[in-house]
């Protein structure tokens, strides 16, 4: 993603510091009608507005549940929205599916949250695409005059890469349940492995920051049939292969490594792990168990801090 940003504009729109970054969007709030639709969302550091596909149930209450759904490498947000509509109807979710187009967002800009600029230097958090998600939530919340104070964040494949790194690195968030489904490769919670495959040299360099990440309600959701080591979309670099031969193995390794790290450092650990029988690399297949987890979070997650 292009990183030539206009600092004066940013400072006029963003709250800078430890608080959540919420711009005053220059565009008018969308008039969301019940059913499915699309709107544009302007965020200060993005060169073009994001297109957001949505589904809004009839009679959506002010305290209703918002689910932000993040697409995979094909950038097909409209399809992800469509595949979530049955679950939105069943559980009365408002679903938002923003599209991060390839022309604007490289893999580093989307999968890795734009934490680094084009030269590989780490940028301030206000430039990360992670910040867009919380801002989009606030934008829709204001537009619909909602009282709900949190949202659920779900991502599949490349979207799962976004979600687990969001859980690790975002300093503060309105998301109170995060689901990373069928992620291809991970930023492992290890300081002896260099970023992006580990935390070495990353902005997460203090124990209290890792403790904050471990207390988030992150669920690693894995299809038990997502085991093709030769999938053409699978990262098979030596660093990724070191995490496991396929997505299922890598997800199990990621969760196990995090749990062991938390235990060794005596840190509270709120993450969850769930595998889905009979499902491979399919957003459609993973969306149903993900929706159920959002509607009925496991007891192990209920006492964790946001």
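Couple of notes before you dig in:
- Residue list for the stretch 19-50, filter: touching a helix residue (DSSP H, G or I) at 6+ places or on another chain (Cβ under 8 Å), at pLDDT 85 or above, surrounded by 16 or more Cβ atoms within 10 Å (Cβ to Cβ) and over 23 Å from residue 178 (Cβ atoms): 32
- Residue within the stretch 145-155 that is more than 23 Å from residue 304 (Cβ to Cβ) and in contact (Cβ under 8 Å) with a residue 12 or more places away in the chain present: yes
- If the condition is being in contact with a helix residue (DSSP H, G or I) (Cβ under 8 Å, 6 or more places away or on another chain) and assigned to a loop (DSSP other than H, G, I, E, B), then the stretch 200-211 contributes 202, 203, 204.
- Residue within the stretch 100-111 that is modelled with pLDDT of 95 or more and touching a strand residue (DSSP E or B) at 6+ places or on another chain (Cβ under 6 Å) present: no
- Enumeration of residues in the stretch 51-78 that are in contact with a helix residue (DSSP H, G or I) (Cβ under 8 Å, 6 or more places away or on another chain), surrounded by fewer than 19 Cβ atoms within 10 Å (Cβ to Cβ) and not in a loop (DSSP other than H, G, I, E, B): 51
- The stretch 187-210 - residue that is more than 21 Å from residue 107 (Cβ to Cβ) and surrounded by fewer than 20 Cβ atoms within 10 Å (Cβ to Cβ) and, of those, farthest from the chain's Cα centre (by Cα): 192
- Considering only residues in the stretch 260-289 that are touching a strand residue (DSSP E or B) at 6+ places or on another chain (Cβ under 8 Å) and closer than 20 Å to residue 173 by Cα, the one that is surrounded by the most Cβ atoms within 10 Å (Cβ to Cβ) turns out to be 271.
- Flag for residue 178 being in a strand (DSSP E or B) and within 30 Å of residue 34 (Cβ to Cβ): yes
- Screening the stretch 218-306 for helices (runs of 4 or more DSSP H) wholly inside it with 2 or more residues that are modelled with pLDDT under 95 returns the ranges 299-302.
- Wholly within the stretch 86-175, helices (runs of 4 or more DSSP H) carrying at least 1 residues that are on the phi < 0 side of the Ramachandran plot, buried (at least 22 other Cβ atoms within 10 Å of the Cβ) and in contact with a helix residue (DSSP H, G or I) (Cβ under 6 Å, 6 or more places away or on another chain): 130-143, 158-169
- Breaking point among (1) over 24 Å from residue 149 (Cα atoms); (2) within 18 Å of the chain's Cα centre (by Cα); (3) surrounded by 19 or more Cβ atoms within 10 Å (Cβ to Cβ); (4) in contact (Cβ under 8 Å) with a residue 60 or more places away in the chain, for residue 216: (1)
- Some residue of the stretch 185-192 being without any contact (Cβ under 8 Å) to a residue 12 or more places away in the chain, over 30 Å from residue 62 (Cβ atoms) and in a strand (DSSP E or B): no
The values are calculated or read from the model by the stated rules, or taken from the named source; none is laboratory data. Remember, predicted model here, so these are calculated numbers, not experimental data. Note that we place each Cβ from the backbone using ideal geometry, even for glycine, and neighbour counts take in every protein chain shown.
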